[in-house]
Amino acid sequence: YTPPALSGALGTDTRANRPKLTPRQVDVLLEWFHCESKEMVAQKLNLTVSTVNGYLDRVRVKYANVGREAPTKAALVARAIQDGIVSVDDL
């Protein structure tokens, strides 16, 4: 679920260094931040683990393409906080 305020921010933020994530990529990313494993994310979102991995890989590629690599989960959390996708309080 992407709250209305966030979906508006994702669609209207055109900064060159911010990747354009799809709502589903954001959903998977946020769920992964709250789960201990990709298996749990897959189960919760009714996806396969390979699909979860695919979403996360595409998010990493999008960040790398704008010069903001995020090779680890911690780095993705940092990027999501920087971009307003998630707050520290939400974690």
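Since every read-out is calculated from the coordinates, none of them should be taken as a lab result. Here the structure is a predicted model, which is why all the values come from computation and not from measurement. Backbone-built Cβ (ideal geometry, glycine too); neighbour counts: all protein chains shown.
Summing +1 for each Lys or Arg and -1 for each Asp or Glu among the other residues whose beta-carbon sits under 10 angstrom from that of Glu69 gives +3.
One decimal place: the segment Ala78-Asp57 gains 5.9 nm when fully extended, by the rule 0.36 nm per residue minus the C-alpha distance. Listed by chain and number, the lysines placed with their C-alpha closer than 23 angstrom to that of Lys20 are Lys38, Lys62, Lys73; residues fewer than eight positions away on the same chain are left out. Extension gain for the segment Asp89 to His34, taken as residue separation times 0.36 nm less the Cα-Cα distance, is 18.6 nm to one decimal.
Note on Thr22 and Arg68: the extension gain reaches 14.8 nm, defined as 0.36 nm multiplied by sequence separation minus the Cα-Cα distance.
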